[in-house]
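The values are calculated or read from the model by the stated rules, or taken from the named source; none is laboratory data. For clarity, every value in this text was computed on a predicted model and none was experimentally measured. Neighbour counts are summed over all protein chains in view; Cβ atoms, including those assigned to glycine, are modelled from backbone coordinates with ideal geometry.
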């Protein structure tokens, strides 16, 4: 690694570490927004394994998020009077989501493209409807009312609900979650990057490119596809657990189809298969709406003297336009897969030599 | 010395609805030969290929490969047993580089799993280096090493054919099955391909070749089988097959000299 690159990385790291402290000064709400943004980046990178690398169009990804969230909610809340520590719940959530991924993957191995999309969409809805209705005869999920008073994270002496003061700096609850999420995010980035250029990662991409040829080249497509589903789902489960802990409340409403589509859009907008592209897409789609929320109303008040368009409406409009423009001008996403760039570099080399 | 048999197909049958695509096809491929499979359009050559490589489920018959029953239930098992193939309409991983395409071919001979890759274990790193080195060697072998980092879909046609062969070779096959490798090639490219296939045989590989270009087949193959309407009508050295009355009838659609 060049010295310049190292310096750059160190600066980024410092900025990321300082961010919640700065945002706390602006308002704790902004730390929460940053946390949700990181959570969405995390989710997109999980989905990137399934959609970006293996090319399996999954429209029900939010189901795994839901499994993780409900796992945390049920194992750490007064609902069943169970209060397990996070290091039991998060792996359990990941494991259950992984199983759910295999359950979804197994019957859909022969499907692809549109057909797979329809089945996964159905799966996502089924999970949500289950959460909605599993309140009778035994009350498991508390139905549409959801589960409240979920325990926050407790890391040794660090309680994530209180504010702690360390080295004269105030660390609020959301700020502490920020650091945990950042750590998890680092993990999922490493996993994505390392898988990308590995035997399994290449097998995924090969299946995406041409499944028949992949089979003929000796890839056990059944196992490798199941692996992609299971891996992607596990990350969804972890994200779900963190979501439940942060919000302190889960209900089926958080896991609607629109969430799946949102996560998928982040992957597609950024650049399927490219880790940095996906991160950029997810950050863009999580921050821009929040910025709008805070700027649209004052802007309209200033210009028209009253509120003409609700920020929420504008948000969907801009979201739609952004997607259409991306697909029109950059069909491979804002920041396409690195393989293409590798080729570009080679071409540059050749012209330089010629 | 009697040449040893590498593959023996026995009474392979395959039916698509009302069409008997393969009818009791039996043939024997010997170690180290180039075996040609020819026949008019729709004779069942590619169907035979697809059965042999596990892409189609056959109705009856069996295949002995190295004196053992070959498991035709799925393509990756066939590849693991030592049969690799190319496709008539080239099937590469278009958005992967040439090198990566060949590296995918190493999948079946390597072991690294998800956790090895995530943790970058020493064994995984050693294996990954070996995969890359082998892939580079193979690209060199088929003569497209300078194009290693070009996306497969950006390669010229002839190079794509070569890349497909390199990918097949990466699975360490004992039998390489080529489905019309010269299709769409000009005379120069065909001559170069011929050299490549002859080189493969000289390096000890057995080759099964489907081809339309009769001149190429007759010049290149050690033995030839002819399929017509799903049945094998001849199997012998090219000189004999060329003079076979049934073969001439199948190709010309009537008796010659009548």
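What the table below lists for this structure:
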item: Residue B:158 being modelled with pLDDT under 95 and assigned to a loop (DSSP other than H, G, I, E, B); result: no
item: Search result, residues across the range B:97-106 that are within 9 Å of another protein chain (Cβ to nearest Cβ) and either in a loop (DSSP other than H, G, I, E, B) or over 19 Å from the mean Cα position of the chain (by Cα) (or both); result: B:97, B:100, B:106
item: Residue match in the range B:236-250 (condition: on the phi > 0 side of the Ramachandran plot and buried (at least 17 other Cβ atoms within 10 Å of the Cβ)); result: no
item: Selected residue (only one of B:55, B:6, B:72 is touching a residue at least 24 places away in the same chain (Cβ under 8 Å) and either more than 14 Å from chain A (Cβ to nearest Cβ) or not in a helix (DSSP H, G or I) (or both)); result: B:6
item: Failed criterion for residue B:166 (all others in (1) away from chain A (no Cβ under 14 Å); (2) out of contact with any strand residue (DSSP E or B) (no Cβ under 8 Å at 6 or more places or on another chain); (3) outside any loop (DSSP other than H, G, I, E, B); (4) under 26 Å from residue B:31 (Cβ atoms) hold); result: (1)
item: Single condition residue A:58 does not satisfy, out of (1) crowded, with 22+ Cβ neighbours inside 10 Å; (2) assigned to a helix (DSSP H, G or I); (3) at pLDDT below 95; result: (2)
item: Of all residues making up the range B:109-121, the number that are facing chain A (nearest Cβ under 7 Å), in a helix (DSSP H, G or I) and surrounded by fewer than 21 Cβ atoms within 10 Å (Cβ to Cβ); result: 2
item: Residues located in the range A:161-220, provided they are touching a strand residue (DSSP E or B) at 6+ places or on another chain (Cβ under 9 Å), within 7 Å of chain B (Cβ to nearest Cβ) and not in a helix (DSSP H, G or I); result: A:217, A:218
item: Residue B:172 under 25 Å from residue B:197 (Cβ atoms) and assigned to a helix (DSSP H, G or I); result: no
item: Single residue of the range B:58-69 satisfying the filter (part of a loop (DSSP other than H, G, I, E, B) and surrounded by fewer than 19 Cβ atoms within 10 Å (Cβ to Cβ)) that is nearest to the other protein chains (Cβ to nearest Cβ); result: B:66
item: Residue match in the range B:41-52 (condition: outside any strand (DSSP E or B), within 11 Å of chain A (Cβ to nearest Cβ) and surrounded by fewer than 20 Cβ atoms within 10 Å (Cβ to Cβ)); result: no
item: Options A:238, A:256, A:263: the member that is touching a helix residue (DSSP H, G or I) at 6+ places or on another chain (Cβ under 8 Å) and closer than 24 Å to residue A:332 by Cβ; result: A:263
item: Residue check for residue A:237: more than 14 Å from every other protein chain (Cβ to nearest Cβ) and closer than 30 Å to residue B:116 by Cα; result: yes
item: Qualifying residue in the range B:149-156 (condition: surrounded by fewer than 19 Cβ atoms within 10 Å (Cβ to Cβ), more than 9 Å from every other protein chain (Cβ to nearest Cβ) and closer than 18 Å to residue B:200 by Cβ); result: no
item: Identity of the residue in the range B:75-96, outside any loop (DSSP other than H, G, I, E, B) and either more than 8 Å from chain A (Cβ to nearest Cβ) or surrounded by 24 or more Cβ atoms within 10 Å (Cβ to Cβ) (or both), that ends up farthest from the chain's Cα centre (by Cα); result: B:77
item: Residue count for the range B:130-148, restricted to those that are away from every other protein chain (no Cβ under 12 Å), assigned to a helix (DSSP H, G or I) and over 15 Å from residue B:172 (Cα atoms); result: 2
item: Check on residue B:191, at negative phi and either within 13 Å of chain A (Cβ to nearest Cβ) or in contact with a helix residue (DSSP H, G or I) (Cβ under 8 Å, 6 or more places away or on another chain) (or both); result: no
item: Condition broken by residue A:231, with the remaining ones in (1) facing chain B (nearest Cβ under 10 Å); (2) over 21 Å from residue A:91 (Cβ atoms); (3) in a helix (DSSP H, G or I) satisfied; result: (2)
item: Any hit, the range A:248-256, residues being surrounded by fewer than 20 Cβ atoms within 10 Å (Cβ to Cβ), facing another protein chain (nearest Cβ under 7 Å) and assigned to a helix (DSSP H, G or I); result: no
